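Worksheet for the structure shown next.
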Amino acid sequence: MSEITRPIHKVADILSRRGQTIYGREKIVELCAKTGVSLMDGFASELGDTDTDQALLDFVTSYAKMNPAAKLTVLTLSRLHEISIPKELLEKRSIFADILESFSEFTQDISDLLKDYFPDRH
């Protein structure tokens, strides 16, 4: 297995592994397919050497748009590995709007789970 040397590749690799743990493999596979990046796990990480910096940056940017926690992770890793990220990620958005959006998604997920768990109650 080759060592990852490009900073953007390191960040994308970390996000891919972290994302599979947190959001599930399927979500990250979809994100990789959407951005044209090879899935970075096990043997496939060697394929990442052929990924362009632009494709990796698209992956990182798309990952950041998943939710506020993902965005914070991307911002932190970008600073640690000294990579430039698109200005759109640096624009300040109301933290209140982010919280409301996350809360809305959470309540929808809980509602769906409860409907499945208690099918007799509507």
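The values are calculated or read from the model by the stated rules, or taken from the named source; none is laboratory data. Small disclaimer: the values here were computed from a predicted structure and weren't measured. Positions of Cβ are generated from backbone atoms using ideal geometry, with glycine treated the same way; all protein chains shown enter the neighbour counts.
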* Subset of the range 77-100 [modelled with pLDDT of 75 or more and assigned to a helix (DSSP H, G or I)] -> Leu77, Ser78, Arg79, Leu80, Lys87, Glu88, Leu89, Leu90
* Hey, among Leu57, Leu77, Leu72, which residue is within 23 Å of Glu30 (Cβ to Cβ) and surrounded by fewer than 19 Cβ atoms within 10 Å (Cβ to Cβ)? -> Leu72
* Asked: Given the conditions (1) closer than 27 Å to Asp98 by Cβ; (2) β-branched (Val, Ile, Thr); (3) at pLDDT below 90, and given that Thr50 satisfies all but one, which numbered condition is not satisfied?
  -> (1)
* In the range 30-44, residue surrounded by the most Cβ atoms within 10 Å (Cβ to Cβ) [restricted to those that are in a helix (DSSP H, G or I) and modelled with pLDDT under 90] -> Ala44
